[in-house]
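Colleague: Here's a structure for you.
The values are calculated or read from the model by the stated rules, or taken from the named source; none is laboratory data. Everything numeric in this text was worked out from a predicted model, so none of it was measured. Neighbour counts run over all protein chains shown; Cβ positions are idealised from the backbone, glycine included. Protein only, heavy atoms only, side chains kept; ligands, DNA and RNA dropped before computing areas. Shrake-Rupley method; radii C 1.70, N 1.55, O 1.52, S 1.80 Å.
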Amino acid sequence: MKKPLALMIFTTFCITMSCKDSKQIQENAEQSKIEAETSDFDWNTASIYFLLTDRFNNGDSTNDVNFGRTEKTALLRNFMGGDIKGITEKINAGYFNDLGVDAIWFTPIFEQIHGYVNEGSGVTYGFHGYWPKDWSAVDPNFGTMDDLKSLVSAAHNKGIRVVMDVIINHTGPVTDKDSVWPANWVRTSPQCTYQDYETTVSCTLVRNLPDVLTNSEEEVDLPPQLVEKWKKEGRYDIEVKELDDFFAQTGYPRYPQYYIMKWLVDLIKDLGIDGFRVDTVKHVEEDVFNELAELAKDAYEDWKNRNKNSALGDEEFFMLGEVYNYGISGKQKFNFGDSVVNYFENGFSSLINFEFVQDCKNNGYEFIFNKYDSLLSSPEMEGVGVYNYIASHDDGGPFDPTRSKPFESANKLLLTPGGAQIYYGDETARSLVIEGANGDATLRSFMNWEDLKNKKTAEVYAHWQKLGRFRQMHPAISRGTHSMINKLPYIFSRKLSSDKVVIALDVQAGKKTIAVGDVFENGQEITDYYSNKKATVTDGAVTIASDYTTVLLQL
């Protein structure tokens, strides 16, 4: 009889660590929903798990092929079976709780173009979700609207928020199955040259990616492609009535951007989505996002009022922006060369930080931790945040592409102040170098679930679990004051009001003495969360005997 994966992982832990350690992880995970509901949750310093819907887990093999998408593609450029049900399966299994994840962000699930393109890297389908054909429908390769509703419900039941990846900048490419939308909806030239604001915004991101006229002030009818499609599907009258109601209620003119906003906000109104990660932000006029954020916030408050037992907290709808090449050193400003834009004043509370990877490549722990503590606590960053990452789906220069430094990767990502963006497979050392894969395809292999049966991968995964859970339990780690206690071995503290921790990295295995500075008082009994060992503070230090090289001290 084939063992369930969860049982195989648990058995592996008993072999590679100890059954006692594994049991501790399992018991800790059961507290996740309670902690998520009672902790001082802060979107700007949360832990978000980012995954490609098609590459994470196949929960329904019957939906793997649709619309005749059977052309032979270049390596890793086809649909591979991952779907919404597969994500829900892992939510229900407690996978994300075990990692201390606060929210899940998955790539867009809108219906994608039916055809394929070749951008120079081989035949490619829209498996990644960024080539929308119909914003009002879920692509059947990913699942159904009911599947999505079940996912959101399952996540909320586990104390996990849901962030939807959304697009307003462009439609999918033109193919022999997907014709271009009317000229009053999209532009097909010029192609962006990225010299200044104009050549970044009023242009197509790449060749053959029609750019939505988000600055248009011309009222437009529905694209004939959608009219024909909806009539064939028998939902034309319903969709048109909903649009009529939306425009009547909001008073917005029928400009292209407002149609798309309506379709995006429907996900909040109908499902209770907690946040948007917005794609290609710097290629759209910034005021568009202010309007999207207001609509989203209103829809979210309305959903929470109608679903009081399902809402997790009282925070506003979350907006996370992908402003490609934004770095935290710019604080709230992004420079186009001829103009500067503040996206935090235009709908977003957090931006993805593209600077972090280079910080990790070029610097050690103390430089990184001190830098981010200083920048995020500066007056210019009050009330806003950044999300750091070590790997992503479209950054060709990840921190550790061969995954030779998985423990260091976890330490740098999960212990740096600010938001943490975990990319699927960070925690399982999924390789980002796939022989034969070209371009960003090498970053997008299928999740390496089978590797969790290996001793080495299980040890890496356990490390990510412990750091992730400790980070979630202690908001001081992500937004407290950082202070180095000792250089070698490296020991530091984080303090946030009454929440205080001391962390030691790369210390010797076996018996070790850890200085705690003024964080804990002599005579206090404290616990090393990593080994579950207790010790009493004596002369400003504790002695811990464990087989591990990481120490996580808490009261």
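Colleague: Among the aspartates and glutamates, which have Cα under 13 Å from the Cα of residue 512 when same-chain residues fewer than 8 positions away are ignored?
Modeller: List returned: 528, 547.
Colleague: Hey, which of these cross-link pairs are over 31 Å Cα-Cα: 149/331; 241/308; 269/331; 85/232; 158/511; 85/231?
Modeller: Listed pairs above 31 Å: 149/331; 269/331; 158/511.
Colleague: Quick one: dipole size for the chain, taken about the Cα centre, charges +1 on Lys/Arg Cβ and -1 on Asp/Glu Cβ, in debye to the nearest 20.
Modeller: It works out to roughly 2300 debye.
Colleague: May I ask what percent, to the nearest 5, of DSSP beta bridges between residues of the chain are antiparallel? Walk me through the intermediate numbers first.
Modeller: Values: 39 of 67 bridges.
The antiparallel fraction comes to roughly 60 percent.
Colleague: Would you kindly derive the ³J(HN,Hα) couplings of the stretch 503-512 from the backbone phi angles with the Karplus curve 6.51 cos²θ - 1.76 cosθ + 1.60 (θ = phi - 60°), listing them in order in whole Hz, with x for Gly and Pro?
Modeller: Rounded to whole hertz, the list is 10, 10, 10, 6, 8, 6, 6, x, 6, 8.
Colleague: Under 14 Å from a point placed 7 Å out from the Cα of residue 188 along the Cα-to-Cβ direction: which residues of the stretch 199-227 have their backbone N that close?
Modeller: Residues passing the 14 Å test: 204, 207-212.
Colleague: Scan the stretch 383-459 for GluC sites (Glu not before Pro) in coil per DSSP, keeping those whose Cβ has at most 12 other Cβ atoms within 10 Å, and list them by number.
Modeller: Listed in order of number, the matching sites are 435.
Colleague: Determine the distance separating the Cα centre of the stretch 77-137 from the Cα centre of the stretch 540-555; give it in Å without decimals.
Modeller: The distance from the Cα centre of the stretch 77-137 to that of the stretch 540-555 comes to 41 Å.
Colleague: Calculate for the chain the 222 nm mean residue ellipticity that helices alone would give, adding -39,500 (n - 2.57) per DSSP H run of length 4 or more and normalising by residue count, nearest 500 deg cm²/dmol.
Modeller: Helix contribution divided over all residues of the chain: -9500 deg cm²/dmol.
Colleague: Give the accessible surface of the chain per residue, rounded to a whole number of Å², with probe radius 1.4 Å and ligands, DNA and RNA excluded.
Modeller: Spelled out: the 1.4 Å probe surface of the chain, per residue, equals 39 Å².
Colleague: With point charges of +1 on the Cβ of Lys and Arg and -1 on the Cβ of Asp and Glu, referenced to the Cα centre of the stretch 50-157, which listed residue (80, 91, 122) lies farthest in the positive direction of the dipole?
Modeller: 122
Colleague: Take the solvent-accessible surface of the protein heavy atoms, probe 1.4 Å, and return the percent of it on the chain that carbon and sulfur atoms account for.
Modeller: 48
Colleague: Also, quick follow-up: For percent of Cα pairs over 42 Å apart, the choices are (i) 20; (ii) 29; (iii) 16; which was calculated from the structure?
Modeller: Read-out from the structure maps to (i).
Colleague: So how much slack lies between residue 306 and residue 64, counting 0.36 nm per residue of separation and subtracting their Cα-Cα distance, in nm?
Modeller: 83.6 nm
Colleague: So, one more: Given the options 546, 424, 517, identify the residue whose Cα lies farthest towards the positive end of the charge dipole of the stretch 412-555 (+1 on Cβ of Lys, Arg; -1 on Cβ of Asp, Glu).
Modeller: Ranked along the dipole, the leading option is 517.
Colleague: Under 19 Å from the Cα of residue 333, which lysines turn up, not counting those fewer than eight places away in the same chain?
Modeller: Hits, sequence-local ones excluded: 282, 371.
Colleague: Over the heavy atoms of residue 402, what accessible area does a 1.4 Å probe trace out, to the nearest 10 Å²?
Modeller: Spelled out: residue 402, probe radius 1.4 Å, area about 90 Å².
Colleague: Continuing with the same structure: So what's the gap between the Cα centers of the stretch 306-385 and the stretch 216-233, to the nearest angstrom?
Modeller: Their Cα centres are 37 Å away from one another.
Colleague: Give me the percent relative contact order of the chain, please, defined on Cα pairs under 8 angstrom at least 6 residues apart. Present the calculation step by step, with values, prior to reporting the outcome.
Modeller: Numbers: 1101 pairs, mean separation 75.2, N = 555.
About 14 percent, as a whole number.
Colleague: In terms of solvent-accessible area of protein heavy atoms at a 1.4 angstrom probe, what is the ranking of 451, 359, highest value first?
Modeller: 451, 359
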